[in-house]
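Structure first, commentary second.
The values are calculated or read from the model by the stated rules, or taken from the named source; none is laboratory data. Computed from a prediction, not measured in an experiment: that's the story for all the values here. Cβ placement follows ideal geometry from the backbone for every residue including glycine, while neighbour counts extend to all protein chains displayed.
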Amino acid sequence: MEAEELGKYIRYQATHPNGRGTYPGIFALANGLASSGRLSAEDWADWRRANDRADAAYRDPATVDPFVYDRRINPRAQSWFKSTAKHLLEDLDFYTDLLRRHHVEFQKLYSADPGTVLYEDDVQIVVAPR
């Protein structure tokens, strides 16, 4: 089944909440893994390159709205990919493989309406979940 049939938006997130009761997304999970010291030098270099590519190719919502991820203002803010952003979704294969190899549990969610939109661009939205 195609992503568009399942939902307009896609999110990869932790299967279990963190200490704040939120479910970190795929980039936060990979960044946490990288900062934990558990990656080999090769995996760390590959993670760094993947993050650099993503940073160069896609806008960080916090650069447009510095408060979008502010924990006091939007404590449960979540990023969702648009199902039409095929090129971005294909780039996530590196991250999903990295997380699986290091036994970091995550899930893939689909939604037509994940929450109140706080930010939107051509490939993603940030929402306050309902």
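Test Tyr69 against the criterion of being part of a loop (DSSP other than H, G, I, E, B), among the hydroxyl-bearing types (Ser, Thr, Tyr) and either surrounded by 14 or more Cβ atoms within 10 Å (Cβ to Cβ) or at pLDDT 95 or above (or both), and give yes or no.
yes
For Tyr23, the test of being in contact (Cβ under 8 Å) with a residue 12 or more places away in the chain, in a loop (DSSP other than H, G, I, E, B), in contact with a helix residue (DSSP H, G or I) (Cβ under 6 Å, 6 or more places away or on another chain) and not aliphatic (A, V, I, L, M) is failed. Residues in the stretch 73-110 that are crowded, with 17+ Cβ neighbours inside 10 Å and part of a strand (DSSP E or B): Gln78, Ser79, Trp80, Phe81, Lys82, Phe106, Tyr110. Considering only residues in the stretch 20-66 that are under 20 Å from Ile10 (Cα atoms) and among the β-branched types (Val, Ile, Thr), the one that is modelled with the lowest pLDDT turns out to be Thr22. Evaluation of Leu39 against the conditions (1) surrounded by 18 or more Cβ atoms within 10 Å (Cβ to Cβ); (2) closer than 20 Å to Gln124 by Cβ shows that the sole unmet condition is (2). Take the conditions closer than 18 Å to Lys8 by Cβ, of a type in the set (A, V, I, L, M) and either at pLDDT 95 or above or surrounded by 14 or more Cβ atoms within 10 Å (Cβ to Cβ) (or both) and apply them to Val117. Does it pass? For Val117, the condition - closer than 18 Å to Lys8 by Cβ, of a type in the set (A, V, I, L, M) and either at pLDDT 95 or above or surrounded by 14 or more Cβ atoms within 10 Å (Cβ to Cβ) (or both) - is met. Of the residues making up the stretch 83-106, at least one is out of contact with any helix residue (DSSP H, G or I) (no Cβ under 8 Å at 6 or more places or on another chain), of a type in the set (Lys, Arg) and at pLDDT below 95. Taking the residues in the stretch 42-57 that are more than 12 Å from the chain's Cα centre (by Cα) and aliphatic (A, V, I, L, M) as candidates, determine which candidate is surrounded by the most Cβ atoms within 10 Å (Cβ to Cβ). The extreme case among them is Ala50.
Any residue in the stretch 36-59 that is basic (Lys, Arg) and either touching a helix residue (DSSP H, G or I) at 6+ places or on another chain (Cβ under 6 Å) or part of a loop (DSSP other than H, G, I, E, B) (or both)?
yes
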